[in-house]
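All of the numbers you see were taken from the coordinates with simple rules; none came from a lab. Model, not experiment: these values are computed from the prediction. A quick note on method: Cβ atoms are made from the backbone with ideal geometry, for glycine too, and the neighbour counts reach across all protein chains shown.
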Amino acid sequence: MDHIISKLYELIKNTTNLVEFEERAQILMYNFFSSLVGRMFSELNQVIVAQRRADDWKVETTDSRSVQFMFGTVTFDHTLMWDKKGKAVYPLDEWIGLRDRQRYSPLVELKVAEMASESTYRQVARTLKEWTPVSLSHQTVGNMVKTVGKAQAEMDQEMVKELDEAASLPEGKKVDFFYAEADGVFVRGLQKKQSMEVHHAIMYEGWEKNGKRVSLKEPTVIMTTQSTDAFWDETQAMASSRYTLEDAQVVTNSDGGPGYTVERFQAAFSQSNKPILNQLDDYHISQGFNRAFGSAGNAYKDAGRKALKEHDLEAFKLQLDTYESTLEDDKQMEKINVFRSYILNNWERIYDWRDIVTDSPRDARKLGAMESNQRHVSFRMKKRGMHWSNDGAEAMVKIKQGMLNNTLRNAYLKCNERSTRKQRDVKKAVRVAQLLRQPTQPSIGVKQGSVALYAAHSTAIGNLFKILQ
């Protein structure tokens, strides 16, 4: 501690302002702590090597390795050994959970991926360089995003596989009402005129009010750029792993487009014993009105909305036909025909679910949360002319999903979690390493004593006694 304080005195003496002092003190702190962690790892390496030698492992060589942590670059010794099967292993790296050629710690990779879900790769690299000792390129940020996103995707696939192989559904949370919405958003691919669809579903238990603000209760998100079948498999697995829906009334909402039909919802939530309600999304109905009649208000548009609200099919057709008769533009007439087909094909789905269910909750609201939640994807992946590779897009949406569901960290660190047996080995190795570092006993100085005199002071022994005193 005195050494550090002396260093700080030197810094304040040799700097002309507090900004410069803080910058140099930060570097000192990073270097000091990194060196301590490096020494700790090197000492653990000695203990682990001794343990492996006792198990007949052979030592090949000892060299150094550097890994970038959030607090600085840690350099430590690690020993290459041959196990009993003749396989070359760095036992320390395996012991602390480092992959081969991994240059950044798991926390750095995780935090970089989380930051990249909100900012561009270049912005992430610049921010880290300004605020931490971590320095990396935007290409490295992209590689970390793929690594972390892949971990979340693999966990989702494993969840689907477990459901397929299970003899029965797991016991989950029981709810009276369960709500689900699904839609897709397209992002640009790397090739010209290429795009890919991000399938997006959100499931929730209802609504919560905080003052005038209303939020979804226990929302769960599923996102993927994989096939439609894979998306619905993940949706079904997610719902089945968290909820028991046998006695729940499931209410769903979508635009009715390809991949988001009534049949898809019925298959995904088939464990419910009650009929699955699926209504046509109000936002897409309103969007259809604007395309067909224009964004400005007019009498035909208002009358059509009224007929739709009252579920009067003949009145709705009449307004469309009358308005079409006033048009001369073929393109505008085509828009009317497209809108007519859309509404007529989904006529039975145009209702308010609260009018269908007799015992709806007191705080029940209209469905339609999907459009606002689509901004998680569109704000990050569609702005400033962004283009995405297949792997990059899938990794990004999985990172988004993991962050919204609070599963990303567990998914990424799952491979690094120590078993109970391995944790016992860790504690044992740490105790041995601590014994190696036991400090020496402090000096208590020279012990003092006296010689007893059993003779006169004038004798020879008396003279010696005077000298010793």
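Listing for the model above:
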| quantity | calculated |
| --- | --- |
| Helix axis angle, 138-165 relative to the chain longest principal axis, alpha carbon, degrees | 70 |
| Net lengthening on full extension, Leu8/Lys427 (0.36 nm per residue, minus Cα-Cα) | 147.3 nm |
| Out-of-range pairs (alpha-carbon distance over 28 Å; input Lys129/Lys193; Lys173/Lys309; Lys146/Lys193; Lys150/Lys427) | Lys129/Lys193; Lys173/Lys309; Lys150/Lys427 |
| Simple spin-label estimate for Thr61 and Leu464 in nanometres, 7 Å along Cα-Cβ | 6.7 |
| Phi-based couplings in Hz for the stretch 12-20 (Karplus 6.51, -1.76, 1.60; Gly and Pro marked x) | 5, 6, 9, 10, 9, 8, 6, 4, 5 |
| Mean shadow area of the chain over all directions, Cα convex hull, nm² | 43.5 |
| All-pairs Cα distance distribution in the stretch 64-172, expressed in whole percent, bin size 5 Å | 2, 10, 16, 16, 13, 12, 12, 9, 6, 3, 0 |
| For the stretch 129-180 and the stretch 19-91, distance of Cα centres in Å | 30 |
| Kirkwood Rh and Cα Rg combined as Rg/Rh, the stretch 140-197 | 1.12 |
| Set of lysines near Lys174 by C-alpha distance (under 18 Å), chain-local residues within fewer than 8 positions excluded | Lys217, Lys274 |
| Order by protection proxy (mean Cβ within 10 Å, highest first), peptides 376-384, 258-266 | 258-266, 376-384 |
| Length-normalised contact order for the stretch 1-100 - Cα pairs under 8 Å, 6+ apart - percent | 22 |
| Where a label projected 7 Å from the Cα of Asp176 along Cα→Cβ would reach, residues of the stretch 245-273 with amide N under 13 Å | 248-249 |
| Largest-first principal axis extents of the Cα set of the stretch 46-111 (Å) | 39, 18, 16 |
| Efficiency of FRET from Cβ geometry, Ser378 and Glu218, R₀ 30 Å, rounded to 0.05 | 0.80 |
| Efficiency of FRET between Leu327 and Asp229 - r from beta-carbon atoms, R0 41 angstrom, step 0.05 | 0.50 |
| Packing rank of 338-347, 69-78, where each peptide gets the mean count of other beta carbons within 10 Å, highest leading | 69-78, 338-347 |
| Length gained when the stretch Glu118-Leu80 is fully extended (0.36 nm per residue, less Cα-Cα span) | 9.7 nm |
| Average Cα contact separation per residue, the chain, under 8 Å, 6 or more apart, as relative contact order % | 15 |
| With Cα atoms, 0 to 90° folded angle of helix 420-436 axis to the chain main axis | 30 |
| Antiparallel DSSP beta bridges within the chain, as percent of all bridges there, nearest 5 | 70 |
